[in-house]
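Some notes on the structure that comes next.
Any read-out appearing in this document is the output of simple, stated calculations on the displayed coordinates, not a laboratory observation. Because the structure is a prediction, the values reported are computed rather than measured. Counting neighbours? That spans all protein chains shown, and the Cβs are built from the backbone with ideal geometry, glycine included.
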Amino acid sequence: MDNFLETQLHPAEICVVCTEPFSLSHQPVALPCKHIFGHECIKKWLKSGQGNSSACPTCRYVVVEKRTPRVDFDTSSIWKALCDQPPERLNSLMMAIWPGLKILWQRHPSGNFSITEILDQAVIPALIKTARRTESPQDRSYDPVLDCYNLVAASWDSLGRPDTATGLAIAFVRLARLMSTASATLPKWLTSTARTNRLLWRANASLGIFELDVSWDFIIEATNLEEEQYFPLLHLYTVLVSQSIAHNSQPTPWPTRRHDIMNLVVERCCTKIGGTFWKGKPSNKFKDVLVAVYEELRRYQLEKGKMSLRGHDGEERVVKGIWALAGWTAKKVEVR
């Protein structure tokens with residue numbers, strides 16, 4: 001034992017990573033395997049993310065388990081992870097999309113933006129701006145926004161940047177179009193609020209990933225009030241109708257013939273709001289209900305001192321109540 005203690009135990013004098021002696025500024029530390037290295041040297045070694053750097057340089061004892069490859073890097077999983085982000089994060093993403101849309105509106109006052117323009121000018125720059133990055137790949141936690149950018153940009157570039165949307169790009173193009181539709185009706189100050197962005201995001205998310213266009217069928221289905229999936233879209237549409245009432249001058253006197261009222265409502269609430277981007281056409285039955293909704297909203301807003309719907313929390317009950325009452329009113333008119 002004495003011989004072993006005298007001949008085999010050697011004090012650690014230098015770091016085998018940098019080959020420099022230990023000092024007050026180069027403190028030694030021991031890994032679980034008992035091998036000793038300079039504190040900063042072994043930190044850099046383990047964090048570099050290269051080769052066998054997750055193991056002890058001397059004995060290859062695994063100190064840091066390497067991250068296993070992702071098995072959920074697909075469109076549906078990434079979209080779900082993005083939708084599960086905190087509201088503040090989603091609001092930041094949408095706030096980064098608005099400036100690009102503003103530029104497109106300046107170029108095309110008609111609002112007829114191509115898919116290429118939407119992706120290149122609004123969506124991809126917003127994803128880049130909002131994505132989180134860290135210095136070390138070893139430390140980086142997965143970021144759904146960064147994943148979205150990687151998937152959207154990679155697939156679009158690989159196809160030669162066509163004027164079509166595929167995969168995850170579909171949901172973002174549709175979101176941008178919904179935002180564009182809303183901006184044509186909402187006052188400018190309302191487009192920059194968190195509640196408007198939340199309303200738009202929920203409406204878009206309710207349509208899933210693969211529906212490129214908003215369809216009137218979705219809104220009509222939501223008016224049954226038993227179909228919860230598309231209700232966020234109906235909520236958004238009702239807010240736009242309410243804002244149209246608040247910010248458009250109303251005919252004086254108000255038309256008395258139902259045909260004239262129908263033409264007015266369809267022009268303001270279907271042609272101007274849906275435009276050319278919403279797929280299909282509203283049915284005649286839906287138009288009858290919409291007239292009743294329009295008149296009920298006019299009455300409601302006059303009673304509330306012209307207070308229009310703006311996407312506030314708890315507003316869903318008002319929206320459901322108005323559509324339920326309108327459906328009942330339309331049935332009475334139909335019976336007559």
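At-a-glance table
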| read-out | value |
| --- | --- |
| For Ser215, distant residues with modelled amide H under 5 Å away | Lys279 |
| For log10 I(q)/I(0) by the Debye sum over Cα atoms at q = 0.11, 0.13, 0.14 Å⁻¹, calculated from these coordinates, the label among (1) -0.93, -1.15, -1.24; (2) -0.77, -1.08, -1.25; (3) -0.79, -0.98, -1.09 | (3) |
| Relative contact order of the chain, pairs being alpha-carbon contacts under 8 Å that are 6 or more residues apart, as % | 12 percent |
| Leading residue at positive end of dipole, the chain (Cβ point charges), from Val16, Thr185, Ile209 | Thr185 |
| Test item: Cα-centred dipole of the chain, Lys/Arg +1 and Asp/Glu -1 on Cβ, debye | 1460 debye |
| Listed residue (Gln250, Ala55, Thr276) projecting farthest to the positive dipole end of the chain, Cβ model | Gln250 |
| Segment 72-212 - charge dipole about Cα centre, Lys and Arg +1 at Cβ, Asp and Glu -1, debye rounded to 20 | 620 debye |
| Space enclosed by the convex hull of the alpha-carbon atoms of segment 214-336, per residue, Å³ | 109 Å³ |
